[in-house]
Amino acid sequence: MAAKVTELPCLILGGCRSGKSRLAQGIAAARGGDQVLFVATAQVSDPEMARRIARHQRDRPATWLTAEAPLNLLAPLQRHSHLPVVLIDCLSLWVANHLLHRDPPDIAELEAKLSEHLQQLLAVAAEQQQALILVSNEVGLGVVPPYPLGRHYRDLLGWINQQAAHHCPTVLWTVAGIPTPIKAPNLPPQRFP
């Protein structure tokens, strides 16, 4: 279903273990075959994270080119402009990396910097005619975080997700491995009584 309504760039949102990455990989494989640049934003911070990263590595095709980019998403696109499909997994870790990289973080400055970086990313992908697939977590549906850093993260990621959704013609929501179009060019308008 998702392949029928997916026009790129595309944003795929959902909760943890909702099937976002699997869906994104399926779309990338359908569009690019072996010609996919996978931009990984995760960093090994502890043994549990190392296991998660290893699982993601096993789950994606070995023929894809992987670039690790915890902070700068533009550099891999510019270095590998010949690859027609770019999958960035994920914006949520990219935002967290930036937030934790500054002590203490200036939230307004960081929001402006991430927003500008995202705009540049979308522009570079369009200029290089690369089909862009973005994956991100939706973290605003749960309990309000009890600490300022958690609230800053939730707010920053929410703003970045909104901006990405605004610029992507397709936005998909995943729940229990089931994709649901939120915004899609081939989706008929929704009518409510």
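The values are calculated or read from the model by the stated rules, or taken from the named source; none is laboratory data. Small disclaimer: the values here were computed from a predicted structure and weren't measured. So basically every Cβ, Gly included, is an ideal-geometry build from the backbone, and we count neighbours across all protein chains shown. Each accessible area value is taken on the protein alone, full model and side chains, heavy atoms only, with ligands, DNA and RNA left out. Shrake-Rupley method; radii C 1.70, N 1.55, O 1.52, S 1.80 Å.
Scan the stretch 6-32 for residues that are over 12 Å from the mean Cα position of the chain (by Cα), of a type in the set (Gly, Ala, Ser) and open to solvent by less than 30 Å² (accessible area, probe 1.4 Å) and report the count.
5
Would you pick out the residues in the stretch 101-121 that are over 22 Å from LEU11 (Cβ atoms) and either β-branched (Val, Ile, Thr) or assigned to a helix (DSSP H, G or I) (or both)?
HIS101, ILE107, ALA108, GLU109
Could you check the stretch 152-178 and list, in sequence order, the residues that are open to solvent by 30 Å² or more (accessible area, probe 1.4 Å) and either touching a residue at least 24 places away in the same chain (Cβ under 8 Å) or not in a helix (DSSP H, G or I) (or both)?
Selection gives HIS152, TYR153, ASP155, TRP159, GLN163, HIS167, PRO169, TRP173, VAL175, ALA176, GLY177, ILE178.
Suppose we filter VAL39, VAL95, VAL44 for residues that are open to solvent by less than 80 Å² (accessible area, probe 1.4 Å) and without any contact (Cβ under 8 Å) to a residue 60 or more places away in the chain; which single one remains?
After ruling out the rest, the residue left standing is VAL39.
Okay, residues lined up against (1) within 19 Å of PRO148 (Cβ to Cβ); (2) open to solvent by 30 Å² or more (accessible area, probe 1.4 Å); (3) out of contact with any Lys or Arg (no Cβ under 8 Å at 6 or more places or on another chain):
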| site | (1), (2), (3) |
| --- | --- |
| VAL85 | no, no, no |
| LEU100 | yes, yes, yes |
| LEU110 | yes, no, no |
| LEU122 | no, no, yes |
| ALA126 | no, yes, yes |
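Of the conditions (1) touching a Gly at 6+ places or on another chain (Cβ under 8 Å); (2) surrounded by 15 or more Cβ atoms within 10 Å (Cβ to Cβ), LEU141 fails just one. Which one is it?
The failed condition is (2).
Considering every residue within the stretch 40-61, establish whether at least one is of a type in the set (Val, Ile, Thr) and within 23 Å of GLU116 (Cα to Cα).
Yes: the stretch 40-61 contains one or more residues that are of a type in the set (Val, Ile, Thr) and within 23 Å of GLU116 (Cα to Cα).
Is it true that some residue in the stretch 62-80 is aliphatic (A, V, I, L, M), more than 18 Å from the chain's Cα centre (by Cα) and under 26 Å from GLY26 (Cβ atoms)?
yes
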